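Written below as structure tokens is the structure these notes are about.
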Amino acid sequence: SKVLVTGATGFVGSWVARNLLEKGYSVRAAVRSASKVKYLTEYFNAYGDKFETIIVGDMSEDGAFDEAVKGVDGIEHIASPVHLHADDPQELIGPAVSGTLGILNSALRNNPTLKRVVITSSGAAVLEVLPEPKVFSELNWNHQAVRLVEELGRSAENMTKYRASKVLAETAAWDFVKAHEGEIGWDIAVIIPPYVFGPVIHEVASRQALNTSSAHLLGVLLTPSGSPNAMSTEALTTTGSSWIDVRDLAEAHTRALERAEAGGERMIVCVEPFVWQDWIDAAQSLSPPVTLPPQHQLAVGVPGGGKNAIHKIRFDTSKSARILGINYRSKEEPIRALLEDAVSKGW
Ligand code: NDP
């Protein structure tokens, strides 16, 4: 069967396309700009006509996905703006929401045989910043980010603007499904990852062009301790998130398409919480180590400083364990892969 993958030129989407192809699916990648077709086509060359691309332009445009959705059995909607330099929150919210509504509307109009749409949301759509530690589940929604953006507009924190875009996009999807209940023969399943790390297989012209989560982790690892840009000891040992390897996230996307029980569910997938020092320690203790070129030096931070960290935000993953049953990779795998990428690609 054939699956439409949006965001296939990005970090997560490229892995979702690869996972599907490895499992024997045909993949149609919806690509924003023609300039990114060549790399993707070459990368997936071995799959012959099981891999195709379609140019959709900016997904904020009405009907962008009208052609792309035709004839596919499933859709993996991954595309969304992921950056932390939007001045106007609408730079993120606009495409995130209209891209999601756009693909659902195109499916409603143009694909009577579609079975399921899997949508990539984010821990950002679930968590709230609270004074006390909390375990968040699929019952929680980040109303806080939406409220802050409504109140503060451009002066909201950039992370808050991104979080609001993910809440509003996911809410729009659930509202759409409710509003069109009687008209659609398909359902949606929502995958909710926190931070995603791991090997990079999409086209990245330079370190500056790296996707946000990979850039963030690499920045922490390769900024020498004590240098002006290095994170403070305090930040390294008290701030972080939860994480999942991009390959496990791709597997979760495929299973969300395949498993009947995933229909109509939001599902949080993640391994464990971390503080940034934990990643430095994992990188420092790789055996055998990844040999870095002279311009790079691995950060040291405060070895072991994350061991007793209080993780204010934790996620309950029992639902995804039951429905998707992912066997998660441990920290060594994504950290080795990312460092090896940095060396081989000269980042
Ligand atoms: P990337 O920036 O690597 O990929 C984003 C993708 O979305 C790219 O393919 C990009 O296309 C596409 N896109 C963005 N805006 C538009 C637009 N206006 N029109 C058409 N296409 C667009 O990010 P990730 O792969 O990391 O993120 C993918 C998804 O996973 C997002 O939904 C994100 O919110 C979610 N996520 C990611 C996490 C992470 O840590 N990486 C954590 C939690 C959720 P182009 O290549 O043309 O720019």
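Read-outs throughout are calculated quantities, based only on the coordinates presented, and are distinct from any laboratory measurement. Keep in mind that what you see is a predicted model, and the values were worked out from it rather than measured. All Cβ positions, glycine included, derive from the backbone under ideal geometry; neighbour counts span all protein chains shown.
Some notes on this structure:
- Result for the chain in a Gaussian network model with C-alpha springs under 10 Å: among Thr254, Thr291, Thr317, the largest mean-square fluctuation is at Thr291.
- Per-residue [θ]222 nm for the chain (sum of -39500 (n - 2.57) over DSSP H runs n ≥ 4, rounded to 500): -11500 deg cm²/dmol
- With Cα atoms, 0 to 90° folded angle of helix 158-179 axis to the chain main axis: 30
- About the Cα centre, charge dipole magnitude for the chain (Lys/Arg +1, Asp/Glu -1 at Cβ), debye: 500
- Environment charge at Ser320 (Cβ cut-off 12 Å; Lys +1, Arg +1, Asp -1, Glu -1): -1
- Along the axis of the charge dipole computed for the chain (Cβ charges of +1 for Lys and Arg, -1 for Asp and Glu, origin at the Cα centre), the listed residues Ser98, Val56, Asn308 are led at the positive end by Asn308.
- FRET E, pair Val302, Asn158, Förster distance 35 Å, beta-carbon r, rounded to 0.05: 0.85
- Placing unit charges on the Cβ atoms only, positive for Lys and Arg and negative for Asp and Glu, gives region 220-347 a dipole magnitude near 180 debye about its Cα centre.
- Relative exposure of Thr6, Thr100, Thr160, Thr239, judged by other C-beta atoms within 10 Å (fewest first): Thr239, Thr160, Thr100, Thr6
- Seen against the Cα atoms of the chain and their longest principal axis, helix 11-22 is set at about 60 degrees.
- Projected label distance in nm at Thr41 and Ser330, using a 7 Å step from Cα toward the beta-carbon: 4.4
- Remark: C-alpha extents of the chain on the principal axes read 58, 47, 39 Å, sorted largest to smallest.
- Listed residue (Gly123, Ser287, Tyr43) projecting farthest to the positive dipole end of the chain, Cβ model: Ser287
- Annotation for Ala235 and Arg259: the two label points, set 7 Å from Cα along the Cα-Cβ direction, are 3.7 nm apart.
- Modelled spin-label separation between Ser60 and Gln295, with each label point placed 7 Å from Cα along the Cα-to-Cβ direction: 3.4 nm.
- In terms of overall dimensions, the C-alpha atoms belonging to region 132-251 reach 60, 37, 29 Å along their principal axes, ordered largest to smallest.
- Pairs beyond 26 Å (Cα-Cα), from Lys23/Lys166; Lys50/Lys178; Lys70/Lys178; Lys307/Lys331; Lys161/Lys319; Lys166/Lys345: Lys23/Lys166; Lys50/Lys178; Lys161/Lys319; Lys166/Lys345
- Of Leu236, Leu152, Leu104, the residue with the greatest mean-square motion in the GNM of the chain, using alpha carbon springs below 10 Å, is Leu152.
- For the pair Ala209 and Glu128, the difference between a 0.36 nm per residue extended length and the Cα-Cα distance amounts to 26.3 nm.
- GNM remark for the chain: springs join alpha carbons under 10 Å apart, and the peak mean-square fluctuation among Asn45, Asn308, Asn158 falls on Asn308.
- Cα radius of gyration and Dmax for region 195-347 (Å): 16.4, 51
- Taking amide H atoms as placed 1.01 Å from N in the peptide plane, the amide H of Ala189 lies under 5 Å from those of Val117, Val118, Ile119, Gly264, each 5 or more residues away in sequence or on another chain.
- Angle in degrees between helix 90-110 and the longest Cα principal axis of the chain, rounded to the nearest 10: 30
- Assigned charges on the beta-carbon of Lys, Arg, Asp, Glu; region 108-230 dipole about Cα centre (debye): 280
- Relative to one another, the C-alpha centroids of region 17-50 and region 120-197 are positioned 29 Å apart.
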